[in-house]
Each structure stands twice: as C-alpha cells, then as structure tokens.
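Presented below is the structure to which this report refers.
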Amino acid sequence: MMKKITNLDAGDYHSLIQQFLARLLEKETVYAVLVAKRYPKGRNAAPVLVRDPEKLDGCAPLAPVQGFNAAHAIVELTREQPGMPAAKPRRIAALIRPCEIRATIELIKLKQVQPENVFLIGFDCPGVYNLKTYRDLPDDRAEPLALARASVEGDPEDLREACRLCTSFTGDSADLSLAWMGSDAITSEDGSTLLVDVRNDRGEELLRDADAEDVESPPEREAAVSKKHEEREQRFNEDAEELLTLLGPCVRCYNCREVCPICYCKDCLLKPEKMGYTPERHLNRAAKKGQLKMPLDTVLYHLTKMNHMATSCVACGVCEQACPMDIPLGRIYNRVGRHAQALFDYVAGRDREEQLPVTTFREDELADVQNVKKETS
Amino acid sequence: MAENETFEPKIIAFLCNWCTYAGADLAGTSRLQYPANIRIIRMMCSGSLDPTYVVKALLEGADGVLIGGCHPGDCHYLSGNYKARRRVAVLKSVLKDAGLDPQRVWLRWVSASEGGYFAETVREMVEHIRKLGPNPLQLEWAV
C-alpha cells in the first residue's frame, strides 16, 4: 500500500529522508536510526547509528558506495547477551539497501538477528560502484544523489557488476520502502512529500505519527521498475563459465568470507587447522599428483562456501569488491545462488516466513537427484 | 575406448551406519561379489555428510562418490536422508556451475536387508564411471 509523508520542508531527496527520520526520532517511534552518512572527511559514506535528530544532517543512504553489508551492523545491534538481565527493549529503524534487508532476513532465519525491535526501511536502490571505482570517480559523479539521478537513463557501465545484475532493487521485503522510481522526486531540488510503500503491519506502525496519507500507487513507478528489471535480467548469463579458471588466482585471504553477511559461523570449517593437516600429509599429497599448490585448497574453499551459503546468498556483491585478486565473485555467486535457490523455489530474503531450504524438506521432491535403479524387466 | 576398458575407477562411498553400511555388510556376509573399486567411509547418517568432503574427494581425483542412505521414510533419525537429498541437490547444482560433472556423485537408498541391491549398485556405478572415464582433476594440481 502506497502512502505519502507530508508536511516536509522543500528540499532534495536526501533532505526529505532526513526530515522523515528526524520525525521518527522526535515522536519517539524509535530510539535511534541506522542510516548511511557521508563522513566529514573524504568521500566515504557508511551506516551511522543516530540518536540525536540534529545529527541526521548529511545523511546519504543513496550514496553510491557500500563498504560492507549493513546486515553485519544489525547483527551487532541486536546481539543476544546470554546470562545478562534483559535490558529494556529500545526500538531502532534501519534505512538500508534492499540487499542488506534481504541479508538481515536470512540472518533472522539463521537466528543471528533478533527481529523484534528492528524496523527495516528499504528504498529503490540505484546500486553502487566498486570501492576502487568510487574512490577514483570525478567529484560530480560521486555526489550522493548523482548515481540515482543518472540511473534513470540506464545503469552506468562502471556500476558494480553485482548491482548491474540485481533484479531485487526495490525494498519489497522491508517493513517500509521509500519509492522514487518513475517520479521526479530524485531529480527535484524542492520536493515536499516522500512516497513510501508500506509492506506490512510493522511498516504501518512506523508511520503512526509521521503524517502519512494514503495515495494511489503511481503507474509510472511500476513501469520504471519493470523496465529496469527487464534490462538487468537480460544481462544475466545462464551459461557456466570456466569457474575453475576464474577461481585460479585466489590467494585464500578469506576476505570474501569475512565480508559475507551469510557466513556467520564463529568457527569456520574452512580454517586450515580444522582440516587437521600435518606436514606429512602435505608431502603425501604432493606425491599423489606430483606437486602441491600453496596456498592449499583454494577451489575447495570456494566450492564449500558455495555449498554452505548458496541457498541464502542475497547477491549483494560485497565479496566481489573485497577480493584483492579481482575475481568476479559477484557474478559467480549470483549465478550459483540463483540456480541453488531455484531448486526449492526459494529466493533468499524474499519473505521472513519462508523456511531455509536446507533446514526443511518435502517427502516427495527431487526425484532426479536420487540415482534410482533403472527398471529392468 | 581401449583405455576405458582397462581403467579401474576409484569410488569413495559415504554410507549411513543404519542402512547402506549394514547393506554392504550383508553383501559381504552373504559372500556376494562386487567390484573392489569402492572405498567405504561409514557415517552415522547421510544427513551428517558435509558437502565439503565430497568436493574434496573429487578435487583430489576420486572418479566417483557414492552417498548411501536409508530409503525415504526409514531414516533412523527420521529425516536425515531427506535433508541429505536437499544438500546433494545443492551440491550437484554447484558442481555443474563449477564445470564439474555432477554425474560422478551418486545418491542411492539401500536398506540393511538389501545386500544384493548394494552389490548391484556398486557394479552399476563402476560401469557408469568407467564409461565417463577418469576424473580429469586427477592430474589437475592447480586446484
């Protein structure tokens, strides 16, 4: 259901968002908000937990950079403290990217996020640049709203590959989502209303004191969303690439595991010490194929990681920009994840009621996976 | 073809303690003959097999991997085999995307009373893998 937030002072899109978030804090709907701000020095923008509405100045959730997946921050903010007396619950609202919302939903299912006191607010996401690309952009293109404005005409060539392939760029699985696609809200310097898509009762609750009015869903938005969807779907390539060749340069730095929101295990199976290797085993292995590559097991690492998290991969692409060897992990995981999730008609982060595919089953399914003996007469 | 005829595949088998391993045991005590190409690892349940071990076997050059569990509905732990089936489905999908042949991984249900069926399974799988030929990763050191 679409609503619009009224009684905002005229300003650009980020200023309208700022006033809306300030209202949530002033009316005490939430205790704090998590939103990306541009740092005072340099051009980095990253999530900041804001309690004081005055400090929302400079918030820039659409700034085209994503250093890490904000789902990590939600884990940190809702961490259970076993053995501690329960603190009085304080609610927060997180205005984060759609892929970060999907990751949060997967982490709710994986019992890493306590969902009760977190409101998830999404927005129509224009994507981001790779960190290095962003660092070297000319100033005008690095402006917080520049990418969103330019993306109306189509995705720039140098957009991060995971974003160029992303087809879930609206905050559909959030409680509430800011909707600007198909309108001039993003280019206007003096808008005064904010269109929001209320996705569930929690979103409704968030708007309790926010001066929201019901409006019709604008058909222009639907058209813009489906156009972008189609554009990106066409870029997706079903064909298997030479994955083993692509993964060849891996130096097993584990960056992709560290930044992955889904890889939450504290004790990862893929630590070399977990494998129980001894010097003697290395020599035996070298004898088997005649030689043994160091670092060990780089392909085993990736294939295992894929097996463990492909059904929950939200294709956020932070692994891609974390890779020092520029392996196109965003593209690889996008494809592997899609194929694995399609087996179970599952989409990671789509719906918090859907069960994780590997924790459930149907008695009658996947007949082609079993090598049943062929009938002979 | 001549090469394939002399090729003896090496197959790693992960068998569940309650059904397929007992089935293999029965095949043995019944003195049923089956090819010696198989190396059995006993697990408590097919559902407790992490895909990493299957991948590791393939990357190190095993020609095939057999995963054996109880028939659907018969799992000693009620649903381990159903979960194994989902995991194997993901595994095969990942292997396919990685350009490895998912046909080298077999999932089969063999009960404790099916000694003959176990022997038949091994014969069938050895023939299948023999046709596929040696695992190309056997010589691939850069993995």
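Just so it is clear, none of the values below were taken in a lab; they were calculated from the coordinates. The structure displayed is predicted, hence computed values, not measured ones. A quick note on method: Cβ atoms are made from the backbone with ideal geometry, for glycine too, and the neighbour counts reach across all protein chains shown.
Annotations
- Averaged over peptide B:132-143, the number of partner chain Cβ atoms lying within 10 Å of each residue's Cβ comes to 3.
- Rounded Å value of the spacing that divides the Cα centres of the range A:126-151 and the range A:169-219: 24
- Anisotropy class of chain B from Cα gyration tensor, a/c 1.5 cut: oblate
- Anchor B:Lys10: aspartates and glutamates whose Cα lies under 16 Å away (excluding residues fewer than 8 positions away in-chain): B:Glu60, B:Asp63, B:Asp101, B:Glu124, B:Glu127
- Computed from the C-beta positions of A:Met1 and B:Asp101 and an R0 of 51 Å, the FRET efficiency is 0.55 to the nearest 0.05.
- Among A:Tyr333, B:Tyr53, the ranking by other beta carbons within 10 Å of each residue's beta carbon, starting with the fewest, stands as B:Tyr53, A:Tyr333.
- Using the Cβ-Cβ distance between A:Glu280 and B:Lys131 with R0 set to 35 Å, the FRET efficiency from 1/(1 + (r/R0)^6) comes to roughly 0.45.
- Shielding by other protein chains, A:360-368, mean Cβ within 10 Å: 4
- A Förster radius of 56 Å, combined with the Cβ-Cβ distance separating A:Lys293 from A:Asp184, puts the computed FRET efficiency at roughly 0.50.
- Where labels lie 7 Å past Cα in the beta-carbon direction, separation of A:Glu273 and A:Arg91 in nm: 4.4
- Arranged from fewest to most other beta-carbon atoms within 10 Å of their beta carbon, A:Arg235, A:Arg102, A:Arg338 become A:Arg235, A:Arg338, A:Arg102.
- Whichever lysines have a C-alpha closer than 28 Å to that of A:Lys41, once near sequence neighbours (fewer than 8 apart) are set aside: A:Lys55, A:Lys132
- Across the alpha-carbon set of chain A, the Rg to Rh ratio works out to 1.01, Rh being the Kirkwood radius.
- Extended-chain gain in nm, criterion 0.36 nm per residue less alpha-carbon gap, B:Ser113 and B:Asp74: 12.8 nm
- Principal semi-axes of the equivalent ellipsoid, √(5λ) from the alpha carbon gyration tensor of the range A:113-210, are 27, 17, 12 Å from largest down.
- Loop-located GluC sites (Glu not before Pro) in the range A:1-85 (DSSP state not H, G, I, E or B) with no more than 13 neighbouring Cβ atoms inside 10 Å: A:Glu28, A:Glu80.
- What the phi angles of the range A:120-129 give under the Karplus curve with 6.51, -1.76 and 1.60, with θ = phi - 60°, is a coupling list of 9, 10, x, 7, 5, 9, x, x, 9, 9 Hz, glycine and proline written as x.
- Exceeding the 24 Å Cα-Cα cut-off - candidates A:Lys266/A:Lys289; B:Lys92/B:Lys131; A:Lys3/A:Lys27: A:Lys266/A:Lys289
- Stretched out straight at 0.36 nm per residue, the stretch from A:Glu26 to A:Ala342 would grow longer than its current Cα-Cα span by 109.4 nm.
- Convex hull volume of the C-alpha atoms in the range A:243-361, normalised per residue: 128 Å³.
- Shielding by other protein chains, B:93-106, mean Cβ within 10 Å: 6
- Taking GluC sites (Glu not before Pro) across the range A:166-222, the ones in a DSSP loop with at most 15 further Cβ atoms lying within 10 angstrom of their Cβ are A:Glu189, A:Glu216.
- 3J(HN,Hα) along the range A:176-191, derived from phi through the Karplus expression 6.51 cos²θ - 1.76 cosθ + 1.60 where θ = phi - 60°, amounts to 8, 9, 7, 10, 10, 4, x, 10, 8, 4, 6, 8, 5, 9, 9, x Hz, with x in place of Gly and Pro.
- A cysteine counts as unpartnered when no other cysteine's C-beta lies under 4.7 Å of its own; in chain A this applies to A:Cys59, A:Cys125, A:Cys163, A:Cys166, A:Cys250, A:Cys253, A:Cys265, A:Cys268, A:Cys313, A:Cys323.
- Gyration tensor verdict on the range A:19-120 (Cα atoms; rounded if a/c is under 1.5, prolate if a/b is larger than b/c, oblate otherwise): oblate
- Whole-angstrom gap from the range A:233-248 to the range B:37-86, using each part's C-alpha centre: 28
- Modelled spin-label separation between A:Arg350 and A:Leu131, with each label point placed 7 Å from Cα along the Cα-to-Cβ direction: 3.2 nm.
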